[in-house]
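Laboratory data are not the source of any read-out in this text; all were calculated from the coordinates shown. Remember, predicted model here, so these are calculated numbers, not experimental data. Positions of Cβ are generated from backbone atoms using ideal geometry, with glycine treated the same way; all protein chains shown enter the neighbour counts.
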Amino acid sequence: LTHAHIDHSGYIPLLVKSGFRGKVYASEPTVALCGILLPDCGFLQEEDARYAGKSGYSKHTEVLPLYTYADALQSLQSFAALHNGDLHRLGTDLRVRFLPAGHILGSRFIQVTLEVPRHTICLFAGDIGRYDALLTNPPAAIPEADYVVMEATYGDRSHPKEDLFSRIAKIITITANRGGKVLIPAFAVGRTQEMLYVLKTLQERRAIPDLPVYLNTPLGIDATNIYVRFAHEHRQHLFHCANLHLVESEVESKQLNSMAGPAIIIAGSGMLTGGRILHHLKAYGPDPSSTLLIVGFQAEGTRGRALLEGARAVKIHGDGVPIRCGVEFLESLSAHADREDILRWLKGFRRPPRKLFLVHGEPDATEALAARIREELHWQVHVPHYLEDVPLT
């Protein structure tokens, strides 16, 4: 497992539930993060299934979660932590090594090596981090591999070159002057800690008004504690800004929807697909004085993507909610390498791989990156289809 984000780890409980009896190898921080992320994912699925069944907005007669909280807890028994850089035996002739990927806390490249004759068969890059990230260290240089499996999330674009701190300060100040709320949907791992660091920095610079900051994500609170525990893994170690209120209970969460005065609310989920942020969007989305600040990639089919594409109403828990608040998108905070970062990382290889496989990207981004790599590096690039078998010779 390259890292803990749910789009990479979230199927593991179902894999184990369906009969997988092997080990799930990951870095120590990833094991710790999955220890909170996967049970939470199971719990949310149970809650969503229960609510859908009660409200009748599901098309299924019997609404069932993909897996439960108990299933997720059980799957954690399959995890085994590997230290950074150590060689670990897989079978008779294979070894794996984990190297820093720079994406989020604990993210790793997975290097698969043939013992005799020793050479790297394959590198699973997972998600690649940025060279100028706020918190994470740069991705490790990889000298060679026969085959590389790599992401293409931002393969067709560059991250905007903007003054991140000034832009966020402006958005918060304008919203506060209107008396509105700043809603920040944030991934519990990575983006939440970055936003806390940004707010702390702006407070120290006195660049924003003195506002209460509500961290309304128990998962994000737990993840921040894990970030502190593994402080040696990243650049910044302090995430607790002034006026920070940690919201644990549902009662406290609901009270945020009727409070007076401006405030900043950070809540999950990052793509507005579930979690407590939806209740806040229901309350403040129709309010022209408030602002929804989207701070991460929004996949196709998500509410966040719909809003970025101009939707002025979204469906939440079966109800149509008009969106009259401001909607701002901060793309420059992404934890993914952009096109230039990816090419910079690939140019660190001493020799080209026999083939580079591009995955984890929407079609336009993937094809654009494939074309750029072929043109600039003259490498063999393959974009695999779903369930395609590719023999490695």
Scoring only Lys, Arg, Asp and Glu (+1, +1, -1, -1) among other residues with Cβ under 13 Å from the Cβ of PHE98 yields 0
Kindly rank 45-54, 353-362, 81-90 from highest to lowest mean number of other beta carbons found within 10 Å of each residue. 353-362, 45-54, 81-90
Alpha carbon centre of segment 363-382 versus segment 133-201: separation in Å? 25 Å
Based on the Kirkwood radius over alpha-carbon pairs, what is the Stokes-Einstein translational diffusion coefficient of segment 45-179 at 37 °C with 0.692 mPa s viscosity, in µm²/s? 167 µm²/s
Out of the DSSP beta bridges found with both residues in the chain, what percent are antiparallel (nearest 5)? 40 percent
Between the helical axis of 164-178 and the dominant principal axis of the chain, each derived from Cα atoms, what acute angle in degrees is found, rounded to the nearest 10? 20 degrees
Taking Rh as the Kirkwood radius computed over C-alpha pairs, what is the Stokes-Einstein D of the chain at 25 °C in a medium of viscosity 0.890 mPa s, expressed in µm² per second? 110 µm²/s
For GLU115, the net charge from surrounding residues (Cβ-Cβ under 13 Å; K, R +1; D, E -1) works out to +3
Among 247-260, 380-393, what's the highest-first ranking by average C-beta atoms within 10 angstrom per residue? 247-260, 380-393
What number comes out for the charge environment of THR217, summing +1 per Lys or Arg and -1 per Asp or Glu over other residues with Cβ under 13 Å away? -3
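Quick one: which of LYS200/LYS347; LYS54/LYS282; LYS170/LYS315 span more than 27 angstrom between C-alpha atoms?
Beyond 27 Å between Cα atoms: LYS200/LYS347; LYS170/LYS315.
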Residues whose modelled amide H sits under 5 Å from the amide H of VAL314, counting only those 5 or more places away in sequence or on another chain, are VAL321, ILE323
Between the alpha-carbon centers of segment 1-59 and segment 260-277, tell me the distance in whole angstrom. 21 Å
If you split all Cα-Cα distances of segment 263-393 into 10 Å bins from zero, what percentages do you get per bin, shortest first? 10, 33, 22, 19, 13, 2, 0
Taking segment 123-189, which GluC sites (Glu not before Pro) meet the DSSP loop condition and have no more than 16 other C-beta atoms within 10 Å? GLU144, GLU162
How large is ³J(HN,Hα) for each residue in segment 241-246, as worked out from phi by the Karplus curve 6.51 cos²θ - 1.76 cosθ + 1.60 (θ = phi - 60°), to whole Hz, x for Gly and Pro? 7, 6, 6, 8, 10, 8
Can you say what percent of the DSSP beta bridges in segment 91-185, counting only those with both residues inside, are antiparallel? Round to 5. 75 percent
